[in-house]
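Shown next, in structure tokens, is the structure this report addresses.
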């Protein structure tokens, strides 16, 4: 992990540990992914953007856990899973999905299958 990734989580050690789990799992399914740390998110590219980790408050404050990360990914369709906190269609047939993650067990095979699908979708847009 780079120092810029670690710095993104300054003051949020619980969120950093969630990111470490997500990052490890993501690189297992997409080892060629490039990681870019921005001001508001850490993006994953192959070479196009397909996923991100941020602190986007995708739920009302009363429904948000104290410590969390938001995982974002894009698909060609709207995923209607109850796990999805927000889904938007910024472009026709391009859906952006946001999921709040509050514990490492939520970074499961189902989530990672969606991220892998997002990586494939992004790569197919060449």
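The values are calculated or read from the model by the stated rules, or taken from the named source; none is laboratory data. In this text the structure is predicted, and so the values were computed from the model without any measurement. Here Cβ is always computed from backbone atoms with ideal geometry, including for glycine, and neighbour counts include all displayed protein chains.
Quick check on region 50-74: of everything there that is in a strand (DSSP E or B) and either at pLDDT below 95 or in contact with a helix residue (DSSP H, G or I) (Cβ under 6 Å, 6 or more places away or on another chain) (or both), which residue is surrounded by the fewest Cβ atoms within 10 Å (Cβ to Cβ)? Outline the logic, then answer.
In the first step, residues of region 50-74 are kept if they are in a strand (DSSP E or B); the result is 50-54, 69-74.
If we keep only those that are either at pLDDT below 95 or in contact with a helix residue (DSSP H, G or I) (Cβ under 6 Å, 6 or more places away or on another chain) (or both) too, we end up with 50-51, 53, 69, 73-74.
Numbers: 50: 26, 51: 25, 53: 25, 69: 28, 73: 26, 74: 22.
Only one residue tops the list, namely 74.
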Single match in 35, 84 (criterion: in contact (Cβ under 8 Å) with a residue 12 or more places away in the chain, within 20 Å of residue 117 (Cβ to Cβ) and in a strand (DSSP E or B)): 35
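Return yes when residue 116 is surrounded by 13 or more Cβ atoms within 10 Å (Cβ to Cβ) and in a strand (DSSP E or B) and no when it is not. Talk me through it step by step, then tell me what you get.
Numbers: surrounded by 13 or more Cβ atoms within 10 Å (Cβ to Cβ): yes; in a strand (DSSP E or B): no.
So residue 116 does not fit the description; no.
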Subset of region 8-32 [closer than 19 Å to residue 106 by Cβ, without any contact (Cβ under 8 Å) to a residue 12 or more places away in the chain and assigned to a loop (DSSP other than H, G, I, E, B)]: 9
Single match in 120, 105 (criterion: closer than 15 Å to residue 21 by Cα and out of contact with any strand residue (DSSP E or B) (no Cβ under 6 Å at 6 or more places or on another chain)): 105
For residue 5: the one exception among (1) closer than 25 Å to residue 83 by Cα; (2) in a helix (DSSP H, G or I): (1)
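Can you tell me which residue among 77, 19 is over 14 Å from the mean Cα position of the chain (by Cα) and modelled with pLDDT of 95 or more?
Working: 19 fails: over 14 Å from the mean Cα position of the chain (by Cα).
Selected residue: 77, the only one of 77, 19 that is over 14 Å from the mean Cα position of the chain (by Cα) and modelled with pLDDT of 95 or more.
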Boolean, residue 110 is under 24 Å from residue 34 (Cα atoms) and either surrounded by 12 or more Cβ atoms within 10 Å (Cβ to Cβ) or free of Cβ contacts under 8 Å to residues at least 12 places away in the same chain (or both): no
